[in-house]
Amino acid sequence: MARPQTEIRGAILERVAGCRAAGKVWTWSDFADLGSHENVERVLQRLAASHEGIYENCRSTGDWAPFFIEPRVIRVARGLYFGPDRNRMTRRPTVPSTDAVIAAVVGRAGGRWLQPPEAAAHALGITNLVPARLVVETDARIQPVRFGNREIEFQTRSAKRLHWAGRPGSLLLQGLSWSRDLLHGAGDEAERARIRRCVSRYLAGESGPAAVQEFRSAIELVDDWMRDEIDLAMEEAGLDPIFAPSWQSDDAGAGDRPDPDDVPSGPRP
């Protein structure tokens, strides 16, 4: 027997309220246990229509208190919904992150995805700019999504390329991919040093140990030039290189190398 829509409504709001701080973006499949696609989607659409009216009224008056009386559901794009939290600084409703939207869209299609290089470089502190149009690599076939002033396109990639999807090392590799021209061009050496500091700071941070372990277990999937840049960044920060002993770097003199009879040579893969 189908649940009454009032019961579905209450269950949706309760679930959304518990994830507001996490910034989750929802699809009907997140509530599939509550009813059929048709019934759940109908309740979500009615909630969004009602709550967006309240949102507009609060925005026009500048008084956001009525908006936060109970959990709200806002439509982000077709079939995507968001439960805004209260921004601690502006006291206004929060907006969904691009990553949360992508995760919901790709998750609905049952696929994996890599963070766009521009967004990864932004997360690493390499750039302050994130373009309005982003291209996401995934193993699912997905139509473009537009929300706000941003457009997200999806390009299908091979399983080998998607090896890094959802892994800590992915952020660094995607950020380096965006930075390649800056690192290898005829640009400012100070800019190259700044990018390497961003790399070493990430690897020395909370996600660093897991990323380092991933790189060492899948060296063949890391491009040669990326290995060089990561090792150089680590050495400049006074940290041990990941892919090769420091004495194998181009800057090391022949006299600095250890005797191969005493120390394993560790040829670079």
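The values are calculated or read from the model by the stated rules, or taken from the named source; none is laboratory data. Being a predicted model, the structure only gives us computed values, none of them experimental. No Cβ is skipped: glycine too gets one built from the backbone with ideal geometry, and neighbour counts run over all protein chains shown. Accessible surface areas use protein heavy atoms only, side chains included; no ligands, DNA or RNA. Shrake-Rupley method; radii C 1.70, N 1.55, O 1.52, S 1.80 Å.
Give me the residue from the stretch 176-228 that is open to solvent by 80 Å² or more (accessible area, probe 1.4 Å) and under 19 Å from the mean Cα position of the chain (by Cα) and, out of that set, farthest from Leu129 (Cα to Cα).
This residue is Pro209.
What single numbered condition from (1) open to solvent by less than 30 Å² (accessible area, probe 1.4 Å); (2) touching a strand residue (DSSP E or B) at 6+ places or on another chain (Cβ under 7 Å) fails to hold for Gly23?
(2)
Within the stretch 1-26, how many residues are outside any helix (DSSP H, G or I), in contact (Cβ under 8 Å) with a residue 12 or more places away in the chain and closer than 22 Å to Ser97 by Cα?
Of the residues in the stretch 1-26, 7 are outside any helix (DSSP H, G or I), in contact (Cβ under 8 Å) with a residue 12 or more places away in the chain and closer than 22 Å to Ser97 by Cα.
Which of (1) closer than 16 Å to Tyr202 by Cα; (2) modelled with pLDDT of 95 or more does Phe154 not meet, given it meets every other one?
The one condition Phe154 does not meet is (1).
Can you confirm whether Arg194 is among the basic types (Lys, Arg) and at pLDDT 90 or above?
yes
Do we have Arg88 as outside any loop (DSSP other than H, G, I, E, B), open to solvent by 50 Å² or more (accessible area, probe 1.4 Å) and either in contact with an Asp or Glu (Cβ under 8 Å, 6 or more places away or on another chain) or within 15 Å of Gly23 (Cβ to Cβ) (or both) here?
no
Of a type in the set (Ser, Thr, Tyr), without any contact (Cβ under 8 Å) to a residue 40 or more places away in the chain and open to solvent by 40 Å² or more (accessible area, probe 1.4 Å): which single residue out of Ser60, Ser97, Ser29 fits that description?
Matching residue, one of Ser60, Ser97, Ser29: Ser60.
Check whether at least one residue in the stretch 150-164 is crowded, with 20+ Cβ neighbours inside 10 Å and under 19 Å from Phe243 (Cα atoms), and report yes or no.
Yes - at least one qualifying residue is present in the stretch 150-164.
Kindly provide the set of residues from the stretch 159-190 that are closer than 23 Å to Gly107 by Cβ, at pLDDT below 90 and assigned to a loop (DSSP other than H, G, I, E, B), ordered by number.
Ala159, Lys160
Scanning the stretch 106-119 for residues that are touching a Leu at 6+ places or on another chain (Cβ under 7 Å) and in a helix (DSSP H, G or I), which turns out farthest from Phe82 (Cα to Cα)?
Glu118
Within the stretch 120-138, track down each residue that is buried (at least 20 other Cβ atoms within 10 Å of the Cβ) and either assigned to a loop (DSSP other than H, G, I, E, B) or without any contact (Cβ under 8 Å) to a residue 24 or more places away in the chain (or both).
Ile126
Check whether at least one residue in the stretch 34-47 is buried (at least 18 other Cβ atoms within 10 Å of the Cβ), at pLDDT below 95 and not in a helix (DSSP H, G or I), and report yes or no.
yes
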